[in-house]
1. Give me the pairs, please: first residue somewhere in the stretch B:52-64 and among the basic types (Lys, Arg), second residue anywhere and surrounded by fewer than 24 Cβ atoms within 10 Å (Cβ to Cβ), beta-carbon distance under 7 Å, and either six or more positions apart or on two chains.
2. Return the residue satisfying two criteria in turn: it lies in the stretch B:237-267 and is under 21 Å from the mean Cα position of the chain (by Cα) and in a loop (DSSP other than H, G, I, E, B), and of such residues it is modelled with the lowest pLDDT.
3. Of everything in the stretch B:142-161 that's assigned to a loop (DSSP other than H, G, I, E, B) and of a type in the set (Val, Ile, Thr), which residue is farthest from the other protein chains (Cβ to nearest Cβ)?
4. Which of the residues that make up the stretch B:32-61 are among the hydrophobic types (A, V, I, L, M, F, W, C), closer than 17 Å to B:THR333 by Cβ and in a loop (DSSP other than H, G, I, E, B)?
5. Can you tell which of B:LYS69, B:LYS56 is within 14 Å of another protein chain (Cβ to nearest Cβ), closer than 30 Å to B:ALA143 by Cα and either touching a Cys at 6+ places or on another chain (Cβ under 9 Å) or of a type in the set (Lys, Arg) (or both)?
6. Applying the selection to the stretch B:96-141, what residues are of a type in the set (Ser, Thr, Tyr), farther than 20 Å from B:VAL159 by Cβ and within 13 Å of another protein chain (Cβ to nearest Cβ)?
7. When you look at B:ALA82, is it touching a residue at least 60 places away in the same chain (Cβ under 8 Å) and either part of a loop (DSSP other than H, G, I, E, B) or away from chain A (no Cβ under 14 Å) (or both), yes or no?
8. Tally the residues that are more than 12 Å from the chain's Cα centre (by Cα), within 14 Å of chain B (Cβ to nearest Cβ) and acidic (Asp, Glu), restricting the search to the stretch A:19-52.
Amino acid sequence: MALSQNEVLAGLAEIVNEETGIATEAVQLEKSFTDDLDIDSISMMTIVVNAEDKFGVKIPDEEVKNLITVGDAVNFIVAAQ
Amino acid sequence: MSTKIVITGIGATTPLGGDARSTWQALLAGESGISTLEQEWIARYEIPVTFAGQAKVKATDVLTPQEAKRLDPSSQFALIAAREAWADAGSPDVEPERLAVEFATGIGGVWTLLDAYDTLKEKGPRRVMPMTVPMLMPNGPAAAIGMEISARGGVRTAVSACASSTEAIANALNRLLTGEVDIVVAGGSEAAIHPMPIAAFASMHALSKRNDDPTKASRPYDVDRDGFVMGEGGGALVIETEAHAKARGAKIYAELVGGAVTSDAYHITAPDPEGSGAARAVLAALKQADAKLEDVIHINAHATSTPVGDIAEYNALRRVFGDHLDKVAISATKSSTGHLLGGAGAIEAIFTILALNERTAPPTINLDSQDPEIPLDVVTSPRKLPDGPLLAMSNSFGFGGHNAVIVFRSYEG
């Protein structure tokens, strides 16, 4: 069964927290990974790979650069399920 | 040597303790840091050696989860030791371009390398994490320290097996003497208590097999020694010019007066039985120290507890020191700590410095019946060293025929 936007956000927030220590509450849809959450490219790739594992989706490398905000990532994952 | 180079900070995490001071206290108390490995992989792979010197305090209990996640265990130990040493030196405010790191390892990020290979085989290349390369590279520990303290004067890694961190300290001395930098964090770490390195060292019959009595397994110079015991952890020193240390009012533990590196070109793993390469290293380090043989009163020996290695080192020392060797207090501290490979020289440098600073040579444990072929004055309970200026030496030798020797002098102001 496909997960809802909120469920994906909660799951993604856990992945971000595990990688960076950023509080899960701070991982909100409108936040930018780089500008707001200060996530570097290495952490971003780790988050992407862990998200692929967790949600059973493929996130192509060329798509990653379009995932500016947490919302972008959540929407991509929801659509890809 | 006109420019004096001094030690102003020490830090360590070892099988005896989570910091330099508790390690030293446990060493003086004659404790063993060796214990049976309870990890499930011992049984799974039927590893023939079932004990080692595991870090007394887990690195993951000290670092934040995010720090631990991005560092191989070898770098975790390095960062813990370096932070302690840096704080012990007073967290000096220094010019980053005049601050360097010389931090060694023997094997490097073996956990990261092999875990990543398992991941590749089981889950494919996509699951090999992007931090894998910086975590597995042997300069990872040095780089982690360099980032932590903003060292911009050069971050380097000596890799010479079990001589690595003594070589790193010798390199630090020479960088300071050239005047390129004012202050260096130097040392080494190792985290190789992993089934593959244990299997490999066991396969070459280098390890003790005393599985039923781990605390007695590391027994340098004893007739019943049967190999070394692997240990893990790290040690770090803050080393600087005396002028730099004095200008900032730092406390000074000891002087670093000599450091030399030679090589045997004899055999890839066996020591030269004549010990000529080791002897040349001792002589070169003493020459740099502008010291006489008779000035040396204490040696922290390499003494890993292998049948041939202990004798080869003895032969080298006898060649160099002659009759004076009988007056030198010898400590073989691997009897307590096990052998930290690329971290060994660093923690033994700390022991040598503290021996001078506190005028106490640390004990060698498990010497029940001294090998008659190794007539040395081995310290078996803490021994008071005399007053006045003293010289002490620490030796490290590594597979590949590497010999490294460093010499310290008590600091008399």
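1. Within 7 Å, the pairs are B:LYS56/B:GLY17; B:LYS56/B:GLY18.
2. Of everything passing the filter in the stretch B:237-267, B:ASP264 is modelled with the lowest pLDDT.
3. Looking at residues that are assigned to a loop (DSSP other than H, G, I, E, B) and of a type in the set (Val, Ile, Thr), I get B:VAL159.
4. B:ILE34, B:ALA55
5. None of the other options fit; the residue is B:LYS69.
6. Just the residues of the stretch B:96-141 that are of a type in the set (Ser, Thr, Tyr), to begin with: B:105, B:112, B:117, B:119, B:132.
Those still in the list that are farther than 20 Å from B:VAL159 by Cβ too: B:117, B:119.
Residue satisfying the conditions is B:THR119 alone.
7. Numbers: touching a residue at least 60 places away in the same chain (Cβ under 8 Å): yes; either part of a loop (DSSP other than H, G, I, E, B) or away from chain A (no Cβ under 14 Å) (or both): yes.
Taking the combined requirement at face value, the residue satisfies it.
8. Looking only at that region, the number is 2.
The values are calculated or read from the model by the stated rules, or taken from the named source; none is laboratory data. Computed from a prediction, not measured in an experiment: that's the story for all the values here. Neighbour counts run over all protein chains shown; Cβ positions are idealised from the backbone, glycine included.
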